[in-house]
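Here's the structure we're looking at; comments come further down.
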Amino acid sequence: MLATLRQRNFGLLWFGGLISLAGDWMLNVALPIYVYTLTGSALATGGMLIARIIPNLLLGSVAGVFVDRWDRRHTMIVANLLMALALLPLLLVRSVDWLWLVYLVAFVQATIAQFFRPAESALLPQLVGKEQLVAANSLNTLNGNLARLVGPALGGLVAGMAGLPVVVLLDVASFLIAGTCIALIRGAQTRVQQAHIPTASAVGAWVVVWREWLEGLRLLGRERAILTIFVMLAITAVGEGVMSTLFVIFVNRVLGGAALELGWLMSAQAVGGLIGSLLVGAVGRRFSTAHLIGLSAILFGAIDLAIFNYPMFLPGITLGLILFVVVGIPGVGFMTGVNTLLQAGVADQYRGRIFGALGTTQGLLALVGTLLAGALGDHLGVVTMLNIQGGGYILAGLLGLMLLGGRTAESVVSRQWPVVTDRELQTTDH
């Protein structure tokens, strides 16, 4: 893992991501507290979540088309600059009358992120070799868990001592630092070369975009392994939506905890994620990518079922803290395997579209899970609904083991897909 991190280009991407994610976590803690203090309304606070979900559903898949056409490094630099600028209106929020600005900023930030995230995932294979993808993705997960440990605590401290404006400015600075790090990346081919032809009108240009989007989606039908990954993540996304809706209630009603205990549990999972990142990075290459994905999903689901059901036999939070540390380890293995398989298995000219479509799929199915939890949670019980998540991961893992076999990331795609040019898209009958 250290050899991968010492590579200049990847090290710049990793460090910039760490700073940016830490800034985001600071604001993700400070801003909801500020909004709730202003309004006293949980509904008003939840409005930020809705504002962030909508761009994912509307733009996630289409944004991948542009990511595949644009220079990915430049896309990420511009995205960081725009996200820094988009935060500045939060400095004007002083009363409930300005609350609409919070929702607008959340919407704009989420819209820009639809271009940044697939660009980052598509760029990574250009910075490291295929044999280093497992280590690189593990390091990115380590990155996220480090930020998750440091950012919330720092955000709460700064917000309490200096107020929301200082937190906003620190997050702005984090985007500028991340953009600078990405700008220093050199020598990687960051854009798929496509032949461009002039279009007669704006309508013609959008027809090309539409056809490229369809071509990316049709890759799902041509490749069973990629479709299998989408189905697995769709299943688990439903459970994640249920989890995000009902977990706070579980902590309160079942574990008898409050905000403090909720913070302990989330930190415990971050600690498990750190351990998992180091472990998967060190030994992940000993497993086929398919086995890493399938076994990790099954183990993650089994531990989740233990978390949700152990209070019936052993009340208290202590065992829950231990299990939350442990569940972080297969969680890293699952996502590392998924990202590695898609990065190595999808031809470069399709990666943006595939990762964009994946984000939209997960967002849509997570919304389904959220609606199910809201509609059925009180009737079926919190624990019963939460078991959907654990069972979903086990089902997804079994599907992965059966349909992916023992394939490695390098062998997932049976042939290298040809680069599709604008001219070919215009003359192909779609």
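The values are calculated or read from the model by the stated rules, or taken from the named source; none is laboratory data. Predicted, not measured: the structure shown is a model, and the values here were computed from it. Heads up, the Cβs are rebuilt from the backbone with ideal geometry, glycines too, and the neighbour counts pull from every protein chain shown.
Worth a mention:
Matching residues to (1) of a type in the set (S, T, N, Q); (2) part of a helix (DSSP H, G or I); (3) modelled with pLDDT of 90 or more; (4) more than 30 Å from residue 347 (Cβ to Cβ):
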| site | (1), (2), (3), (4) |
| --- | --- |
| 111 | yes, yes, yes, no |
| 134 | no, yes, no, no |
| 172 | no, yes, yes, yes |
| 204 | no, yes, no, no |
| 214 | no, yes, no, no |
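- Check on residue 73, within 27 Å of residue 358 (Cα to Cα), touching a Gly at 6+ places or on another chain (Cβ under 9 Å) and among the basic types (Lys, Arg): no
- Of 281, 273, 301, all but one fail to be farther than 21 Å from residue 396 by Cα and surrounded by 17 or more Cβ atoms within 10 Å (Cβ to Cβ); the exception is 281.
- Only one of the numbered conditions (1) more than 16 Å from residue 352 (Cα to Cα); (2) crowded, with 20+ Cβ neighbours inside 10 Å; (3) polar (S, T, N, Q) is not met by residue 39, and that is (2).
- Beta carbons closer than 9 Å, at least 6 apart along the sequence or on distinct chains, pair a first residue in the stretch 1-14 that is in the same structural domain as residue 174 (by TED's automatic domain parsing) with a second that is outside any helix (DSSP H, G or I) and charged (D, E, K, R) for 8/186; 9/186.
- Verdict on residue 241 being among the small types (Gly, Ala, Ser), crowded, with 16+ Cβ neighbours inside 10 Å, part of a helix (DSSP H, G or I) and in contact with a Ser or Thr (Cβ under 7 Å, 6 or more places away or on another chain): yes
- Looking across 416, 343, one residue alone is assigned to a helix (DSSP H, G or I), at pLDDT below 90 and polar (S, T, N, Q). It is 343.
- Every residue from the stretch 371-402 that is within 26 Å of residue 295 (Cβ to Cβ) and surrounded by 21 or more Cβ atoms within 10 Å (Cβ to Cβ): 385, 386, 388, 389, 390, 392, 393, 396, 397, 400
- Looking only at the stretch 5-18, and only at residues there that are farther than 10 Å from residue 127 by Cα and buried (at least 19 other Cβ atoms within 10 Å of the Cβ), the one that is farthest from the chain's Cα centre (by Cα): 12
- Residue check, residue 75 among the β-branched types (Val, Ile, Thr), surrounded by fewer than 22 Cβ atoms within 10 Å (Cβ to Cβ), in the same structural domain as residue 147 (by TED's automatic domain parsing) and part of a helix (DSSP H, G or I): no
- Flag if residue 364 is crowded, with 23+ Cβ neighbours inside 10 Å, under 13 Å from residue 236 (Cα atoms) and among the hydrophobic types (A, V, I, L, M, F, W, C): no
- Selection status of residue 170, more than 19 Å from the chain's Cα centre (by Cα), farther than 19 Å from residue 80 by Cα and not assigned by TED's automatic domain parsing to the domain that holds residue 285: no
- Enumeration of residues in the stretch 219-270 that are among the hydroxyl-bearing types (Ser, Thr, Tyr), closer than 25 Å to residue 372 by Cα and at pLDDT below 80: 244, 245
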